[in-house]
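Below: the structure, in structure tokens.
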Amino acid sequence: MRPLVVIPTYNESENIERLLHRIHECLPGTGILVVDDGSPDGTADLVKAVATELPDLYLLSRAGKSGLGSAYRAGFTWGLERGYDAFVEIDADFSHDPAALPSLVAQMDEGFDLAIGSRYIEGGSIPNWAWHRHLLSRGGNIYASRVLGLGVADATAGYRVYSAAILRRLDLDRIRAEGYGFQIEMTYRAKQHGAAITEVPISFVDREAGESKMSTVIVMEALGLVTWWGLGRLARGLRRAVTGAGRRGRGPSARTGGEAVSSTSGPGVAQTETNAEDTVRSA
């Protein structure tokens with residue numbers, strides 16, 4: 001397996017060198033791609049310097065700050081074009097411990113398409129959060145899981161691994177959310193496309209250096225998107241129910257006054273039944 005660790009950065013000069021070396025120590029042989037959004041603090045220059053020491057380390061420089069989701073989409077596309085097999089999301093601020101990388105990546109060998117580093121399953125934790133942050137995050141995850149039928153405890157987690165196979169099935173250009181919303185949308189779309197999903201317990205800590213990019217506004221925006229997607233999911237379910245009821249009402253027995261048409265009624269009827277079956281299969 002050729003994993004690629006994708007790291008979006010904006011003003012991460014205080015963390016990036018140490019993080020790159022730590023990832024290389026914890027997951028030897030992995031590729032690393034830093035997607036930098038024009039950091040004015042010299043983050044990109046530091047990555048270039050470390051690239052002279054570490055193999056398979058790359059920098060994707062972008063002109064300006066375009067958002068977390070956009071950075072990951074660009075990184076995934078870059079890696080898919082170069083034949084990587086698994087794609088790791090990790091924050092640049094050490095809130096995600098690189099020591100958990102082997103256990104997360106190992107889930108791909110177990111047949112999973114998405115492995116989420118979860119704070120909200122047994123063994124997971126957030127040691128230093130205030131109660132209101134716990135409430136907002138945990139409540140948002142419960143809401144997203146129930147509204148979208150995700151079946152996961154930590155849909156907003158930003159420490160995760162995708163298989164190349166599931167990313168190829170997704171239309172990454174249609175994933176538009178950022179921040180927390182991006183993580184939820186990717187989980188939702190992956191599940192829609194039949195992904196096998198698992199969660200691995202992690203300990204999440206606040207960044208050790210630098211400035212946080214997350215805010216209550218971003219969280220609330222994500223929950224608004226969840227509501228919108230949930231309404232779409234409900235509407236699709238209602239349409240399927242109405243369409244299914246309509247098809248049952250137009251079945252053979254309804255057309256013949258209650259008597260089912262037998263397949264022995266002649267070749268014309270047999271051909272009609274075959275076509276109907278083909279239609280169901282293609283749908």
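Computed over the stretch 128-184, the quotient of the alpha carbon radius of gyration and 2.2 N^0.38 Å is 1.29. Taken along the Cα-to-beta-carbon direction at a fixed 7 Å, the label points for residue 54 and residue 134 span 3.4 nm. Taking label positions 7 Å along the Cα-Cβ direction at both residue 234 and residue 165, the computed distance is 3.5 nm, reported to one decimal. Centre-to-centre, using Cα atoms only, the stretch 110-152 and the stretch 24-66 are separated by 29 Å.
Placing R0 at 35 angstrom, the Cβ-Cβ distance between residue 243 and residue 110 gives a FRET efficiency of 0.40 after rounding to 0.05. Once the Cα-Cα distance is subtracted from the 0.36 nm per residue extended length, the residue 80 to residue 18 segment shows a gain of 19.7 nm.
Ordering of 110-121, 92-103, 57-68, 6-17 by packing is 6-17, 110-121, 92-103, 57-68, highest average first (other Cβ atoms within 10 Å, averaged per residue). Between residue 97 and residue 2, the C-beta separation translates, for a Förster distance of 25 Å, into a calculated FRET efficiency of about 0.65.
No lab work stands behind these numbers, since they all come straight from the coordinates. Just so it is clear, the model here is predicted, and its values are computed rather than measured. No Cβ is skipped: glycine too gets one built from the backbone with ideal geometry, and neighbour counts run over all protein chains shown.
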